[in-house]
Amino acid sequence: MSALCIVLGTGCILYYVILAVYAGPAFDFGWFWLALGGAFLLVFFLRRHPEHSAMLWASRILLVCLGIGLAVLGVLSIIVIGGMKTTAPDNVPAAIVLGAQVRGTKPSRALLKRLEAAAKAAKNDSRNQKLTLILSGGQGPGEEISEAICMRNYLTAHGIGEGQLLIEDKSTTTQENLQFSNRLYGCAKQPCAIITNDFHLCRALKIAKNAGYEEVYGIAAEGDSLMEVHYVVREAVALLYGKLRGRF
């Protein structure tokens with residue numbers, strides 16, 4: 001058990017280092033891997049001194065807490081993964097493209113994947129009508145333009161006419177994305193799709209249904225192969241937090 005704890009602890013911290021190099025040290029929710037790795041290494045340290053009963057009992061209690069926590073995260077992660085593969089019918093008149101971080105004036109990796117999926121959906125030749133894309137996202141710290149304007153710039157540069165685009169540039173959370181988009185277009189009372197990264201789709205659809213969307217579908221954009229485990233775990237924690245707060 002001690003050897004397993006040091007392997008798991010070292011692995012979590014190493015994963016954090018890899019992601020920090022790849023995405024920058026301030027990447028969202030990165031502290032989780034440091035905390036988890038530190039907890040496993042603490043168990044290893046406590047179990048090195050079995051002659052001290054207090055330390056041995058502390059290691060057992062910590063292991064039980066870790067086991068329960070990881071089991072809950074495992075179940076929620078399965079739910080997140082199960083929500084990744086969804087489809088939207090061709091007769092959906094509009095799709096909300098959820099914003100993500102903009103680096104200066106350029107889309108982040110996550111946002112770029114959403115835009116690629118949005119452009120593909122808008123150019124779908126099998127549709128009998130043009131898909132309206134509601135570009136939803138405000139301007140946050142470190143962003144020189146709003147996420148919605150960044151999305152518009154990308155899509156018009158890739159052949160999507162401005163007549164297919166609606167701009168919602170005030171929202172700062174997924175819940176606001178959906179609320180403000182509904183005010184703009186009335187999405188909740190008609191068929192509508194949500195375009196976001198695959199790992200985010202499960203929670204986004206739950207938020208939409210809780211916000212009164214009556215017929216909502218998901219269009220999954222690709223995730224990031226290196227960050228996917230991190231994103232799934234982050235979404236699992238967000239699902240748990242949302243459930244505890246009564247948001248869905």
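The values are calculated or read from the model by the stated rules, or taken from the named source; none is laboratory data. Every value quoted in this text rests on a predicted model; they were computed, and no experiment measured them. Because the Cβ atoms are built from the backbone with ideal geometry, glycine has one as well, and the counts that use them run over all protein chains shown.
Data table
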item: Matching residues, region 136-149, being part of a loop (DSSP other than H, G, I, E, B) and either of a type in the set (Val, Ile, Thr) or farther than 20 Å from Leu184 by Cβ (or both); result: Pro141, Gly142, Glu144, Ile145
item: Which listed residue, of Ala157, Ala118, Ala110, Ala100, is farther than 22 Å from Leu184 by Cα, hydrophobic (A, V, I, L, M, F, W, C) and within 17 Å of the chain's Cα centre (by Cα); result: Ala110
item: Those residues of region 157-172 which are among the polar types (S, T, N, Q) and either closer than 18 Å to Cys192 by Cβ or crowded, with 16+ Cβ neighbours inside 10 Å (or both), in sequence order; result: Gln164, Ser171
item: Helices (runs of 4 or more DSSP H) (entirely within region 150-248) containing at least 1 residues that are in the same structural domain as Ala20 (by TED's automatic domain parsing), aromatic (Phe, Trp, Tyr) and touching a residue at least 12 places away in the same chain (Cβ under 8 Å); result: none
